[in-house]
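Worksheet for the structure shown next.
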Amino acid sequence: FFSRTPFCERGRAMRFLRQAMTGLFLAALTAALLVWAGALVRDAVQERLADSPRGRPAQERVFAVNIVEAQPDTIQPVLQAFGQVQSRRTLEIRASAAGTVVEVAENFVEGGLVKAGEVLARIDPAQAEAALRSAEADLLDAEAEVRDADRALLLAKDDLTATRGQADLQEKALQRQLDLQNRGVGSASAVETAELAVAQASANVLSSRQALANAEARIDLAKTALSRAQIARDEAERDLNDTVIRAGFDGALSAVNVVEGGLVSQNEAMATVVDPMQLEVSFRVSTEQFARLLDENGALRPAPANVVLDVAGGNIERPATLTRASAAVAEGQSGRQLFARIDDPRGLKPGDFVRVETMEPALENVVRLPATSVDALPTVLVMGEDDRLTAMPVTLLRRQGDTVLVRGDGLAGQRVVAERTPLLGTGIKVRALGQPEAPPEMIELSEERRAALVAYVDANTRMPAAAKERIKAELQEKTVSKETVDRLESR
């Protein structure tokens, strides 16, 4: 073909062939560059993806829980309630007389300590003293009247005796005249005169008896007047004594409302004496709790108690003893009101709000567990042999603060979950806190595999230097954790 074509045609064909080969070379070079760029992008993407952990195969999650071993025992429950301290011996000091307060004792103040019979205040006694003097004068008059009546009685008795003697003489004179008349010697006029004298003597005797009766009546009236005068004198003396205000017993004063020079009315409250050593606490419990404090006869047991006053820096605890229960339930109230005598009231004051812990009868074969281990059913979660949880029903007997007292069949010796969470339930696998974990699986690495892992760690630019040193030190050991190796190789 070339031999038949002219020279220009051959030159044109050679130029076309050269240009075609050049274009083919450039196209191949471009394709090679594109392939090389794609490889670079792929390597960069793979390295980027290798910095994030890849998804691992799904594994069962094992929860760490606190375990309490159920140990049955005989436990005495403690009933907790809140109440108020009050005094078992309180006396209101009131003014028995009206008037001006002329004297006030130095310790007649709020919180002052007083002794039995101590003078606390005095009210102006002028009016009471005048009334006492008048009553004493009336008493002297009454006593004088009694003496006069006694003397009049003696005179009346003597007069009656004399009158009766005269009557006897007149009777004898009459008998003589009658005897003379019977013998025919006397006269009728003499007999009549004698009879008149006897009649007059009888009248005199009657008058003397009347005078004696009047004298006796006068004595009775005088004695009655004397008694009334004595009563009036005693009342006036008592009114005078009432002007002196005294303490009824040893104690402390509260609600003091008196000043020297002030006016007080009769029966006005001046203060209150409280015995600080005779204290008790009043508290309220439910009817169910009250029933647990009764003995077999239905009477309240004198159970021991503990009174606790919460104060900053420590609590004040004092022993007490249950003494009685309220006779009736007040209107609008519920439950039962109990009273406990405080044996040692030091540090406590009437009005303190305290916590009362009363000992109930002991319960046998019960288990004390944390309150968070029991749900509302009530059930507890126990840890089985394969470390999986199983629900076990129990009987809730008491709640004791953060703990509960329960009883259940087969509960003895079981490992109970102390804190229940919504993530825990029947069939969940758990691990008890405080127990050693299973040792990790260790493997031996070949030199090539070890070098590849070390190289990967060195090439990783996103791994912290401290982590690199730690992993490289681990890879230099004779045996390496299989978990570490799998984690590195998965990247």
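The values are calculated or read from the model by the stated rules, or taken from the named source; none is laboratory data. What you are looking at is a predicted structure, and each value in this text was computed from that prediction instead of being measured. Note: ideal-geometry Cβ built from the backbone for every residue, glycine included; neighbour counts use all protein chains shown. What goes into the accessible areas is simple: the full protein's heavy atoms, side chains included, and nothing from ligands, DNA or RNA. Shrake-Rupley method; radii C 1.70, N 1.55, O 1.52, S 1.80 Å.
Residue by residue, here is whether (1) farther than 22 Å from R61 by Cα; (2) open to solvent by less than 50 Å² (accessible area, probe 1.4 Å); (3) at pLDDT below 80; (4) among the acidic types (D, E) holds:
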site	(1), (2), (3), (4)
V417	no, yes, no, no
E441	no, no, yes, yes
S446	yes, no, no, no
L453	yes, yes, no, no
A465	yes, no, no, no
K468	yes, yes, no, no
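Kindly check whether there is at least one residue in the stretch 257-269 that is of a type outside the set (F, W, Y), within 21 Å of G111 (Cα to Cα) and in contact with a Lys or Arg (Cβ under 7 Å, 6 or more places away or on another chain).
Yes, the stretch 257-269 contains a residue that is of a type outside the set (F, W, Y), within 21 Å of G111 (Cα to Cα) and in contact with a Lys or Arg (Cβ under 7 Å, 6 or more places away or on another chain).
Pick from the stretch 470-482 the residues that are without any contact (Cβ under 8 Å) to a residue 12 or more places away in the chain and part of a helix (DSSP H, G or I): which of them is most open to solvent (accessible area, probe 1.4 Å)?
This residue is R470.
For A312, which of the numbered conditions (1) in contact (Cβ under 8 Å) with a residue 24 or more places away in the chain; (2) aliphatic (A, V, I, L, M); (3) open to solvent by 50 Å² or more (accessible area, probe 1.4 Å) fails to hold?
The one condition A312 does not meet is (1).
Per-residue answers, yes or no, for (1) assigned to a strand (DSSP E or B); (2) polar (S, T, N, Q):
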residue	(1), (2)
F82	yes, no
A131	no, no
L160	no, no
R176	no, no
Q181	no, yes
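For the stretch 38-56, how many residues meet the condition of being modelled with pLDDT of 70 or more and part of a loop (DSSP other than H, G, I, E, B)?
0
Are any residues in the stretch 92-129 among the acidic types (D, E) and assigned to a helix (DSSP H, G or I), and if so, which ones?
The answer is E129, and nothing else.
Only one of (1) in contact with a Leu (Cβ under 9 Å, 6 or more places away or on another chain); (2) surrounded by 14 or more Cβ atoms within 10 Å (Cβ to Cβ) is not met by E489, so which one is it?
The one condition E489 does not meet is (2).
Limited to the stretch 4-37, what total is found for residues that are modelled with pLDDT of 80 or more and not in a helix (DSSP H, G or I)?
0
Go through the stretch 342-377 and report how many residues are in contact (Cβ under 8 Å) with a residue 60 or more places away in the chain and over 13 Å from V308 (Cα atoms).
Here the count works out to 15.
What are the residues in the stretch 141-153 that are touching a residue at least 12 places away in the same chain (Cβ under 8 Å) and either over 13 Å from A229 (Cβ atoms) or not β-branched (V, I, T) (or both), if any?
D141, A142, E143, E145, D148, A149, D150, A152, L153
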